[in-house]
């Protein structure tokens, strides 16, 4: 197609979504929840079809020589499909955010002022290889009364199309518009670019995936974008920490799933406990295959660590690699995080309330963890059912975004003829 | 200065504000409220100085031949200065938004999850001629723990500098950083452009004023912008309206202050009451000097109206001009508003709950008024103390923005060593 055709195609998609959104905004919680349960049932019933299409995607991925981690993310088993369905049921069980009266009061002149939650309208989600994102975000958008436009990675296209067909069928079977969930069937970048200029019909874009994808989306979009670029997460081990707890937390934060955005990338250790703490944690991490990059003081205590450069402090390894730094005090840790961090998730391990208070106050990140692992920074773990994405922006939504973050509000002012003087 | 110097100047300003913001974020409600009361007192004590500088601005404005409406907005009297001071006292009386626990709960694994309100950081406000905006927004930013960078119109520069000096003095007198409120002393557009690229140090930009200024800011900014372009406000008079009330509301919405964004620009009248309602409201509006532009049906009933073109339906007159259209039914009114409106403020006058419900549901505007005038769409009237601006965006803040809208939140997760499995 010529560029002109792509912009026409984008406009058509945008308008279909907008029309569906208008209908969805008026749909009651009952209808939406019935659709969500039907979607879950359809996924279960269609598991065989999904696996067949997924097998085709996997064969192509293997042939293309994709990395093992990528193949793992792409793979759908019966267990994973059941988990996707269960997540939809859980989203159906959540309270409907739409119609919530956020506040209401009467002014001295008798005007009744209410702020009422309403859907955003049309949400455009761009993501990469994991096909479970398709069902999660479709469900969160529907729950919050929004139409969704989904664009997954091309390596998962057949899986995604199979999932999408089952979801759209289920939505229509419950009397809601099938266009409530639209899927882009091509990975053409010109169509993506054209969609990112559909600000008239699309209200928000949420890109998930690698930093370069997200930067390209943010730069090319005339639609507001909610995003996080990367997760350079820190754990600060205070000198007043329980060191057994600190060891368990640091190990979990680095090793349990190193390839995700809420894994620890830099460990900061108070100088008063460095000599006691570093040998035990470094030994355990090394045994688990973690490559260490340390500051001078770290290397004095644990000489096996390679020297860390300034780039290491900025790095999101997404791998079994860890930067380690000995800090002077809690403020030094806070300053390090302000300089090198990504405002995603940072943790303190300490038994002292003052240190904790200071860290929580001083670290300007979307999630601050106290005596627990950064790996819990996640919509599901926060009880949001699933997550649309994680935001390190400050406006609108911060941290894991659930279906509530896909809403806005409307002021409704009721009078009996009041005039302004 | 060379362009390079401007970007250096912008960076210096941004960093000063960021440093002040870090201190303000840690300031308690007591310190902030003491500063606000000192600011109010300083305005009162300095009223004579302010009037002197204002007189100089006014002399220059008169010499430049500025429009009467502009001169009026620029003029500061003792009464207006007292009103500015009183508004600051009122803002001091508001509850401190910072530290509010928006929600808090315990997960099955014992993790305590809290969402706590925190300041945005640094707020950049760009506005035009009214000097009272200087004190209003400085106060709202300080209350919410944000540093502010203010850039007023050049015609009000001397007045603004006098006000700013008094405010900054008061802030410093209470032990808070004087850089908490910064004022740009030049109207140079290169400095403005450089500031709009200070995304590292400035968290949000709120431009207030004419549509062209706002578009220029939105297009040139790498910082998120919250804005409204214009206010094309409608009043829909239903056939089930109390016509006495409808007449009073329409007259008030158009005539009480026609030059502002929440004044009515188009009146929509149900065809069943057009013959009864139009003659009385059109007579009264005409007597008040309002020029009418009507659809064919309007002109059949009130031939003095000039024919309305498509441009009239889109127009924000900000003047004693009104577009009038007879509609078939409430859905016709909703469709007109969706097509021509600006999502600012739209009103229905009706005694029928179903019509009202349908209008409120169908009109996707930031404020929907029921049986009252659009003129009440205002932060002060909604009880927000004053307003930072009005947003017709859907993300973050919608409608009149108070100091709460200058905050974000932080997730705080407290554990006792929980790990992710």
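Just so it is clear, none of the values below were taken in a lab; they were calculated from the coordinates. Only a predicted model underlies this, so the values are computations on that prediction, with no experimental measurement involved. All Cβ positions, even for glycine, are placed from backbone atoms using ideal geometry, and neighbour counts span all protein chains on display.
Brief remarks on what is shown
- At q = 0.04, 0.07, 0.08, 0.09 Å⁻¹, base-10 log of I(q)/I(0) for the protein assembly as shown (Debye sum, equal scatterers on each alpha carbon): -0.19, -0.59, -0.77, -0.97
- Largest-first principal axis extents, alpha carbons of the range A:1-97, Å: 46, 43, 21
- Rg and Dmax over the alpha-carbon atoms of the range B:354-421 stand at 18.5, 57 Å.
- The helix-based estimate of mean residue ellipticity at 222 nm for chain A, built from -39,500 (n - 2.57) per DSSP H run of four or more residues and divided by its residue count, is -14000 deg cm²/dmol to the nearest 500.
- Annotation for residue A:112 and residue B:55: the two label points, set 7 Å from Cα along the Cα-Cβ direction, are 5.2 nm apart.
- Gyration tensor verdict on the range A:196-242 (Cα atoms; rounded if a/c is under 1.5, prolate if a/b is larger than b/c, oblate otherwise): prolate
- Extension gain, residue A:67-residue A:93: 0.36 nm per intervening residue step, less the Cα-Cα distance, totals 5.7 nm.
- Residues of the range A:378-407 with amide N under 19 Å of a point placed 7 Å along Cα→Cβ from residue B:100: A:394-399, A:404-407
- Over the range B:94-189: Rg over Rh, Cα atoms, Kirkwood Rh: 1.17
- Beta bridges assigned by DSSP with both partners in the protein assembly as shown are antiparallel in approximately 30 percent of cases.
- Within 10 Å of the Cβ of each residue in B:378-384, the mean number of Cβ atoms contributed by other protein chains is 3.
- Relative contact order of the range A:233-376, defined on C-alpha pairs under 8 angstrom at six or more residues apart (%): 34
- Virtual spin-label span in nm between residue B:318 and residue B:219, 7 Å along Cα→Cβ: 1.8
- Diffusion coefficient, µm² s⁻¹, Stokes-Einstein with Kirkwood Rh over alpha-carbon pairs of the range A:212-360 at 4 °C and 1.567 mPa s: 83
- Euclidean distance of C-alpha centroids, the range B:366-381 and the range B:152-198, integer Å: 31
- Span per principal axis, largest first, for the Cα atoms of chain A (Å): 69, 69, 40
- Packing here is the average count of other Cβ atoms within 10 Å per residue, and on that basis the peptides A:281-293, A:68-80, A:197-209, highest first, run A:197-209, A:281-293, A:68-80.
- Residue-span extension gain [residue B:173 to residue B:338] - 0.36 nm each, minus C-alpha spacing: 54.3 nm
- Chain B residue nearest the axis that carries B onto A, by Cβ, with distance in whole Å, is B:396, 2.
- Fraction of antiparallel bridges per DSSP, chain A only, in percent to nearest 5: 30
- Summary of packing: across the peptides A:335-347, A:53-65, B:349-361, A:164-176, the per-residue average of other C-beta atoms within 10 Å ranks them, highest first, as A:335-347, A:164-176, B:349-361, A:53-65.
- Peptides A:95-102, A:112-119, ordered by how many other C-beta atoms sit within 10 Å of their residues on average, highest first, read A:112-119, A:95-102.
- Computed over the range B:209-297, the range of Cα coordinates on each principal axis works out to 53, 26, 25 Å, biggest value leading.
- Whole-Å distance, taken between Cα centres, linking the range B:11-87 and the range A:211-240: 37
- Angle in degrees between helix B:353-362 and the longest Cα principal axis of chain B, rounded to the nearest 10: 50
- Förster radius 60 Å - calculated FRET efficiency between residue B:287 and residue A:287, Cβ distance, rounded to 0.05: 0.10
- Cα convex hull, the range B:125-277: 150 Å³ per residue, rounded to a whole number.
- Computed label-point distance, nm, for sites residue B:311 and residue A:361 using a 7 Å Cα→Cβ extension: 5.9
- Each Cα pair of the range B:284-381 feeds into the Kirkwood radius, which the Stokes-Einstein equation turns, at 4 °C and 1.567 mPa s, into a diffusion coefficient of 89 µm²/s.
- Projecting 7 Å from Cα along the Cα-to-Cβ direction, the label point of residue B:68 sits 8.2 nm from its equivalents in the other copies, listed shortest first.
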